[in-house]
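The structure appears below as structure tokens.
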Amino acid sequence: MTFACLGTGVGSRRHVAIGPAWLLPGGEIVITPRWVTASETDSELERFRAAMRDARGELRAIREQIPEDTPSDIVAFIDTHLLILQDDALSSVVESLIREEGCAAEWALQLRREALLKVFDAVEDPYLRTRRDDINHLVNQVLKLLTGQRRDLDDNDALDGGIVVAHDISPADIFVLKRHRIAGLVTELGGPMSHTAILANSLGIPAVVGARHVASLLRDRELLIVDADNGTVLAEADPGILAWYHRRLREERGEDAALHALLTLPAITRDGVEIELMANIELPEDVELVHRSGADGIGLYRTEWLYMNRDTPPDEEEHFAVYQRVLEQLDGKPVVFRTLDLGADKWCENLPSQGCRNPALGLRAIRLCLTEPELFLPQLRALLRASALGPLRIMLPMLSSVDEVRQVRALIASTQRQLRRDGLAFDPEVPLGGMIEVPAAALICEPLARELDFLSIGTNDLIQYTLAIDRMDEEVTYLYDPTHPALLQLIRNILRAGAETGTPVSMCGEMAGETQYTRLLLGLGLTRFSMQPSALLPVKQRVLDADTEQLDRALRVACASNDADIIRGVLDDLDGSCG
């Protein structure tokens, strides 16, 4: 008799895994209050410092074993953890608690964790909330060293080909498990934006996260099926179900070779509609991924990473050097640079504005730039200078009014006059675009389109703001629905406004790179997609198999019903009929 546990699926190219369950012990480490005497303080401090040194040593060892061709955004997880372990914000407070309050090392570290987590619990931005994962994983790593509970995954060769089941797992451990060629991953904690989900997707590991209490329902070594498409973990599958999933697994393996053959093909639908497929990146090193994916260019370059993990903002020359490097590597392909989208995160502590401390509804992105022009202008000057080197486009995040666009236009005009006086070259017609990720912007998209040269739909925030949910909150992730009729109506309105004003519209949110929505978006009229490079070929395959006229007819009726179940049913039928 088959039974299933439900969570959030993380598929990458591979969506199915079959293998024996390997239950990793542990969960959240419970630390009880304990104090030491004054005579024990020095030895307790040294015990804590030794655990921190060992934790850093473990991460460095993992870092050194990561292959050189690993994408930089994946390596950044380990680098970020190393930086946190070296940050006085964690260790100095713990040492003060040991020295001044007489707390044992474990208890002092637990108190510091609780204080830091309270800060991150107040942050509403889903991306920044993932920093909570960093703190939890690192503190658990050090606590396991302090309490003697640290396990060595490198010694467990039997993990090869198995499905790892854990309460939670750190980025460092995921790298170790990847080296063991695990078939799949299941965790009790996590959501679609957790580090576990992001890394599993990037590394091509089929995973289901947030499957509550799954470990208590399974036996070690029993055969499991992970269906990341449906967020399902199946145990005790009968022979018929098992045979069906084995067929799916063989099909997926064959699809990898077929996808590679699409690399040089133009993305044109069966009825002759040309589709633009761009890539989202955030570091110059990621340009190689753009070339390998066959992308038409970069539809979203996230510039805020220049501002993080530092005491002072980058100056104009640092900005310019990065933009120049990216443009030179793109060989004439267009690059859309999004201006800084900073919000509430500790990395912003020393920037000019305290607005960085506010959550997603506060002073962030373009609001912060217009409030603090001394923060924004060096980036704007660098972008304008770089526009003379190649097809550069500037994109403004989190717009909510036409007035914001006009203020930026005025800053651009003023900066261009300065550059002329300074004898510096720039493109006087550099395109200016805006992200539609706030419902207010979606509702006034036509006047925005008349003020801008292009629009880009940011579905991550648009879904969250429209449906009033925090998708980092595991209690409400079931409400995160990209096929919600309200969202589809907003997307259709944005595309219609673009068509009526002659303004190109793209989509750069995660929805653009998820193949289950490709036909939906094509049917709504989207012809410009931007996504993670690893998603591009699977999306291209859907594009090549699609007939936009057929999709438009089917979806027009379905969307008019304003019934999410009917819309999903139509999408399922279209996927079945189109391959």
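The values are calculated or read from the model by the stated rules, or taken from the named source; none is laboratory data. These figures come from a predicted structure and were not determined experimentally. Here the Cβ positions follow ideal geometry from the backbone for every residue, glycine too, while neighbour counts run over all protein chains shown.
Please enumerate the residues belonging to the range 534-558 that are in contact with a Lys or Arg (Cβ under 7 Å, 6 or more places away or on another chain), in contact (Cβ under 8 Å) with a residue 40 or more places away in the chain and either of a type in the set (Lys, Arg) or farther than 12 Å from Arg270 by Cα (or both).
Scanning the range 534-558 gives a single hit, Pro538.
Going residue by residue through the range 23-30, is there one that turns out to be surrounded by 13 or more Cβ atoms within 10 Å (Cβ to Cβ), touching a helix residue (DSSP H, G or I) at 6+ places or on another chain (Cβ under 9 Å) and at pLDDT 80 or above?
yes
Looking at the range 517-545 only, could you name the residues that are part of a loop (DSSP other than H, G, I, E, B) and either polar (S, T, N, Q) or surrounded by fewer than 24 Cβ atoms within 10 Å (Cβ to Cβ) (or both)?
Within the range 517-545, Gly525, Thr527, Gln532 qualify.
Cβ contacts < 8 Å: first residue within 12 Å of Leu555 (Cβ to Cβ) and in the same structural domain as Cys445 (by TED's automatic domain parsing), restricted to the range 481-492; second residue aromatic (Phe, Trp, Tyr) and part of a helix (DSSP H, G or I), any location; separation 6+ or different chain. Result?
From residues that are within 12 Å of Leu555 (Cβ to Cβ) and in the same structural domain as Cys445 (by TED's automatic domain parsing), the pairs are Thr483/Tyr517.
Could you tell me whether Thr548 is in the same structural domain as Arg568 (by TED's automatic domain parsing), buried (at least 20 other Cβ atoms within 10 Å of the Cβ) and modelled with pLDDT of 90 or more?
Judged against the criteria, Thr548 is a match.
Quick test for you: out of Leu448, Leu419, Leu392, Leu462, pick the one residue that is in contact (Cβ under 8 Å) with a residue 24 or more places away in the chain and closer than 30 Å to Arg132 by Cα.
Of Leu448, Leu419, Leu392, Leu462, the one residue that is in contact (Cβ under 8 Å) with a residue 24 or more places away in the chain and closer than 30 Å to Arg132 by Cα is Leu462.
Within the range 498-516, can you find the residues that are touching a Leu at 6+ places or on another chain (Cβ under 8 Å) and part of a helix (DSSP H, G or I)?
Gly498, Met511, Ala512, Gly513, Gln516
Take the conditions over 18 Å from Arg302 (Cβ atoms), surrounded by fewer than 21 Cβ atoms within 10 Å (Cβ to Cβ) and touching a strand residue (DSSP E or B) at 6+ places or on another chain (Cβ under 9 Å) and apply them to Asp427. Does it pass?
Considered against the rule, which asks whether it is over 18 Å from Arg302 (Cβ atoms), surrounded by fewer than 21 Cβ atoms within 10 Å (Cβ to Cβ) and touching a strand residue (DSSP E or B) at 6+ places or on another chain (Cβ under 9 Å), Asp427 comes out as yes.
Quick check, is Glu282 closer than 30 Å to Thr80 by Cα, of a type in the set (D, E, K, R), touching a strand residue (DSSP E or B) at 6+ places or on another chain (Cβ under 9 Å) and not assigned by TED's automatic domain parsing to the domain that holds Leu82?
When the stated conditions are applied, Glu282 passes them.
Among the candidates Asn350, Asn280, which residue alone is more than 22 Å from Glu514 (Cβ to Cβ), at pLDDT below 95 and either in a loop (DSSP other than H, G, I, E, B) or under 19 Å from the mean Cα position of the chain (by Cα) (or both)?
Details: Asn280 fails: more than 22 Å from Glu514 (Cβ to Cβ).
Step by step, each of Asn350, Asn280 is checked, and only Asn350 is more than 22 Å from Glu514 (Cβ to Cβ), at pLDDT below 95 and either in a loop (DSSP other than H, G, I, E, B) or under 19 Å from the mean Cα position of the chain (by Cα) (or both).
Collect the residues in the range 279-296 that are free of Cβ contacts under 8 Å to residues at least 40 places away in the same chain and either in contact with a Leu (Cβ under 7 Å, 6 or more places away or on another chain) or of a type in the set (A, V, I, L, M) (or both), keeping them in residue-number order.
Asp296
Taking the range 448-485 as the region of interest, how many residues are part of a helix (DSSP H, G or I) and under 25 Å from Gly362 (Cβ atoms)?
13
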